[in-house]
Amino acid sequence: MALAAGAKAASFRAHAAERLLLHMGKAAARAHREGRLEQSHELYTHLVHARRSSVGDRHPLTVSAISALSNVSVDLGELDIAERLAREAADTS
C-alpha cells in the first residue's frame, strides 16, 4: 500500500513539474511576442536547462526550446549565440 502511495506521489510530482515547464514556455513566448526580450531570453534559458535535465538533449521539447531561445537571441542581436543554438537544434532534430 505504501509503495502505491509513493508511486502516486512521484507521478503527481512529475505531472506538476511538466505543467510548470509548459507554463514557463508559454510565458517565455508571450514575453517574446510583447517585446520583453530579456525576460523571454531568461525564461527560455531556464526552460532549456530544465528540459535537458528532465527529458534529455535530443527530445523534441528540448529542441523546440533551443530553437525558441535562438529566435530570441536573434532579436536581441546576439547573432553568434543564435547561430550556435540554431545549429544545435538542427543537429539534434
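Okay, here's what the table says:
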quantity: With every protein chain in place, the chain: carbon and sulfur % of accessible area (1.4 Å); calculated: 59
quantity: Shape call, the chain: gyration tensor on alpha carbons, a/c limit 1.5; calculated: oblate
quantity: For the chain, accessible area per residue (1.4 Å probe, heavy atoms of protein chains only), Å²; calculated: 66
quantity: Förster radius 22 Å - calculated FRET efficiency between Gln39 and Arg19, Cβ distance, rounded to 0.05; calculated: 0.60
quantity: Chain lengthening between Arg87 and Ser53 when straightened (0.36 nm per residue, less Cα-Cα); calculated: 10.2 nm
quantity: Between helix 37-55 and the chain: long-axis angle, C-alpha atoms, 0 to 90°, nearest 10; calculated: 40
quantity: Derived scalar couplings ³J(HN,Hα) [the stretch 25-33; Karplus, 6.51 cos²θ - 1.76 cosθ + 1.60; whole Hz; x for Gly, Pro]; calculated: x, 5, 5, 5, 5, 4, 4, 5, 4
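The values are calculated or read from the model by the stated rules, or taken from the named source; none is laboratory data. As the structure is a computational prediction, the values presented were derived from the model and not from experiment. Virtual Cβ from ideal backbone geometry, glycine too; neighbours counted across all protein chains shown. We work out accessible area using only protein heavy atoms, side chains counted, and drop any ligands, DNA or RNA first. Shrake-Rupley method; radii C 1.70, N 1.55, O 1.52, S 1.80 Å.
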